[in-house]
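To keep things clear, I will list the structure first and then write my remarks on it.
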Amino acid sequence: MKRIIVTPVAILLFISSINILAQKFQSDNGDGTYTNPVIAADFPDPDVISVDDTYYMVNTTMFIFPGVTVLKSKDLVNWEYCSNAVQRFDFSPCYDLDECNRYRHGQWATSLKYHNGIFYLLFITLDEGGFLCTAEKPEGPWQIKHLPKGFYDAGLFFDDDGRIYVAHGYSNIYMTELDKNFAPITKDSLIIVGDIRKGLEGSHVYKINGYYYLYCTYGGLDGIQAAFRSNNIYGPYEEKVVISETTHGPNFGIHQGALIQTQTGEWWTMLFVDSGPFGRFPSLQPVTWVDGWPMVGVDGHAVVTYKKPDVGKTYPIKVLPTSDEFENGTLGMQWGWNHNPDPAKWSLTENPGYLRLQTVKAVDSLPKARNTLTQRMFAYYSDTLASIAITKMDFGNMKEDDIAGLAVFQDPYAFIGIEKVDGKNYIIMVNNGETIDSSEINSSTIYLKASAIYGSGAAHYFDDLAAPGTGTASFSYSLDNKSFIKIGNELNMKFNLTIFTGNKFCLFNYATKELGGYVDFDWFKTNADLKD
C-alpha cells in the first residue's frame, strides 16, 4: 500500500452529527402497522414458507460462512435468526482464499421447502454446481450433499402424487423431474420463454386451486414480478405481470421472492428491492387474487406503511441482533466469515470475553485476508439513515507489518486500523488499498469507529432508488471511547457486482510478512446499543 503520512495537527476532532437515539430499529410500528423494508439490510433472494404457526425465510449469502441464513417469524414482520444452514463450504480451495476467491459467486438463490417432516434447501453455486441441505428441524443440524446436476435459481416442488420437480433457468425457464435422490430423471423441458425482456429468473413453483403457478422475475434495478399458470406442470403457461413498480421510493423495482398464505387465509408476498450500497432489502407486500392471478400491492403499487398480516395472534416486536460482547463462547448468528475461516486461528476462549484473531497467512491486502469476520449493515428507519459500529481492540501482540482493525467492505473498501512498522504502532486509514492517513500512537488499546451513511442521510433516502445508490463511510478513533478523532477521507460506497453483497462491517487482522501476531476484540457495538 502507498503510504501518505499526515501529522496529528492535520487531524480534526470528529463531532458526530448523527442522532442515534432518533433511530427506529424495526419495521413494526407498534400500532398494528409495519413499514417497508421489512428488514433494512442485505437479505436478498428470499424464499418463505410456513410450517404450523411459524414462517421461515432463507436468503443468499454467497461467500460468507456460516451462511445460507434461515430466519423465523410468527407474523412475517418481526424476524429473528434461526440458523445458518452451511457452516463452511469445503468444495473448492477458492472458499479458503487459496490463490483464488469466490467473490460474486458462491451460494445463490435458494429454494426452501418442507415435505413429510423434512426441511429442504436447494441451491446452486456457479462454479461447483447444485447442493441440497436437509434437516428435521430448521435450527439444524443441516446435512449438505453435492448433487449430480445444478439448477440455476431453482424452484423446488413436491407434487401431490409424490413426484418431485424443479423449475430453473435464466430467460428460458425449464422444468425437470427428479428422483428421490434429487438427480434428474427427465431431460430439461423448456416451458417458458421470457417475452417481456431478457433475464427471466428466480422461479418459485406452487399448486393453488388446481393450477400450477410459476412465480418469477425479470430482474434488475427496475425489476418486474410475473406469474405464470397452467393446469399442467409442463405447460403451456399463461403470463401475467403482477407488479412493476416504477415509483421512486423504497419499493422501486421490487421483485423476486415467494408467495405465502397465512393461517387466516390472507395472501402475502416477500420480495426484495435493490437498495444501493447497503444491499438488497426484503419487502413484504399484500396479495389480492384477481381472476386467478396473485396481484401484488394495492391499486397496482407496492405499499410502504401498511397493516400487518393477520396471523390470528399478536406477537412482540423483534430486532435482529448486531452487537456482541464475545462472552458466550459462540459467535452470534449475525456474524459470518469472509470465505471459510481457519478454525485454529481464531478463538473466544484463549482470552475469555474477547474475540482473538491470529494472522493466518501473509497477504498484501484485505480482500485476500482470511478470518475476516463480517456482518450486514442495517439502514434502519430514521432521519440520518446511518449504520454505525464501534469496537474496542487490544493490539499489543501484533507482529511487524501486521495490520488489524475495522473495515467497511465491498468494492471499493476502506478501513481504520493499526499497522506495526519498525516496532512502532500507527493508526491508519486505508481507502481501497491506499493509505490516506497515518499517525504514530502510543497505546496498546484503541476504540475504532466506522459511520456509514446512505446518500445524503435524509429521511427520504429511498426516494433516490431509481439508481444503484451511493453512500459514504467515515472513520474515527478514540483512546477513551468518548472523544473520537476523524482520520482519513470518506469511502464512496457502492454495490459492485464484483462482490455482489451489500457493504459489511468487518473485524480483521492480517500479516504482510511474518505470522504469529494476534489482536483481541473486547466488544463490537452498533446503533441499537450505542447512546449519544
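Every read-out reported here was derived from the displayed coordinates using simple, explicitly stated rules and does not represent laboratory data. Just so you know, these numbers come straight off a predicted model, no measurement behind them. Every residue, glycine among them, receives a Cβ derived from its backbone with ideal geometry; neighbour counts consider all protein chains shown.
Given the peptides 415-422, 326-333, arrange them by the average over their residues of other C-beta atoms within 10 Å, most packed first.
Values: 415-422: 20.5, 326-333: 13.6.
Top to bottom by mean Cβ count within 10 Å: 415-422, 326-333.
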For this session: Would you order Val303, Val205 from fewest to most other beta-carbon atoms within 10 Å of each residue's own beta-carbon?
Result: Val303, Val205
Seminar exercise, completed: The residues Ser189, Ser438, sorted from fewest to most surrounding Cβ atoms within 10 Å, come out as Ser189, Ser438
Exercise. Leaving out same-chain residues fewer than 8 places away, which lysines sit with a Cα under 20 Å from that of Lys187?
Worked result: Lys149
Seminar exercise, completed: Filtering GluC sites (Glu not before Pro) in the range 167-265 by DSSP loop and by at most 16 other Cβ atoms within 10 Å leaves none
Exercise. Under a Cβ-Cβ limit of 4.7 Å, which cysteines in the chain have nobody to pair with?
Worked result: Cys82, Cys133, Cys216, Cys506
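What percent do you get for the relative contact order of the range 26-307 when only Cα pairs under 8 Å and 6+ apart count? Walk me through the numbers before you get to the answer.
On the way: 747 pairs, mean separation 45.0, N = 282.
Value for the range 26-307: 16 percent.
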For this session: Express the Stokes-Einstein translational diffusion coefficient of the range 26-307 in µm² s⁻¹, to the nearest whole number, given a Kirkwood radius over alpha-carbon pairs, 37 °C and a viscosity of 0.692 mPa s.
Result: 173
Seminar exercise, completed: Honestly the range 207-304 on the Cα gyration tensor test (a ≥ b ≥ c root eigenvalues; a/c under 1.5 rounded, otherwise a/b vs b/c for prolate or oblate) is just prolate
Problem set entry | Spatially proximal lysines relative to Lys482 (Cα-Cα < 26 Å; intrachain offsets below 8 disregarded) | Lys24, Lys392, Lys420, Lys424, Lys449, Lys504, Lys525, Lys531
Exercise. Within a Cβ distance under 15 Å of Asp522, other residues only, what is the Lys/Arg minus Asp/Glu net charge?
Worked result: -4
For this session: Of all alpha-carbon pairs in the chain, indicate the percentage at a distance above 42 angstrom.
Result: 20
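Among the chymotrypsin sites (Phe, Trp or Tyr not before Pro) within the range 77-159, which fall in a DSSP loop and have no more than 16 other Cβ atoms within 10 Å of their own Cβ?
Values: sites: Trp79, Tyr81, Phe89, Phe91, Tyr95, Tyr103, Trp108, Tyr114, Phe119, Tyr120, Phe123, Phe131, Trp142, Phe151, Tyr152, Phe157, Phe158; in loops: Phe89, Phe91, Tyr103, Trp108, Trp142, Phe151, Tyr152.
Those satisfying the criteria are Phe91.
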Problem set entry | Percent RCO, i.e. relative contact order, over the chain, from Cα pairs under 8 Å lying at least 6 residues apart | 17
For this session: Express the relative contact order of the range 56-182 as a whole percentage, based on alpha carbon pairs under 8 Å and six or more residues apart in sequence.
Result: 16
Problem set entry | Principal semi-axes in Å for the range 274-399 [√(5λ), Cα gyration tensor, largest first] | 41, 18, 15
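Grab the alpha carbons of the range 174-218, take their convex hull, and tell me the volume per residue in Å³. All intermediate terms of the calculation are to be shown ahead of the outcome.
Working: hull volume 4.6 nm³, N = 45.
That works out to 101 Å³ per residue.
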For this session: Work through the residues other than Gly336 whose Cβ is under 13 Å from its Cβ and net out their charges, Lys, Arg +1 and Asp, Glu -1.
Result: +1
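Quick check: net charge around Lys149, other residues with Cβ under 13 Å of its Cβ, Lys/Arg +1 and Asp/Glu -1? Please report the intermediate quantities before stating the final value.
Values: positive: Lys145, Lys187; negative: Glu128, Glu177, Asp179, Asp188.
Net local charge, Lys149 excluded: -2.
For the residues His301, His339, what sequence is obtained by ranking on other C-beta atoms within 10 Å, fewest first? Provide the component values of the computation, followed by the final result.
Details: His301 17, His339 26.
Least crowded to most crowded, the residues run His301, His339.
Give the residue list of GluC sites (Glu not before Pro) in the range 125-164 that are DSSP loop and have at most 12 other beta-carbon atoms within 10 angstrom.
Working: sites: Glu128, Glu136, Glu139; in loops: Glu128, Glu136, Glu139.
Those satisfying the criteria are Glu136.
Roughly what % of Cα-Cα distances in the range 347-454 sit above 24 Å, to the whole percent?
Values: 1506 of 5778 pairs.
Counting every Cα pair in the range 347-454, those more than 24 Å apart make up 26 percent.
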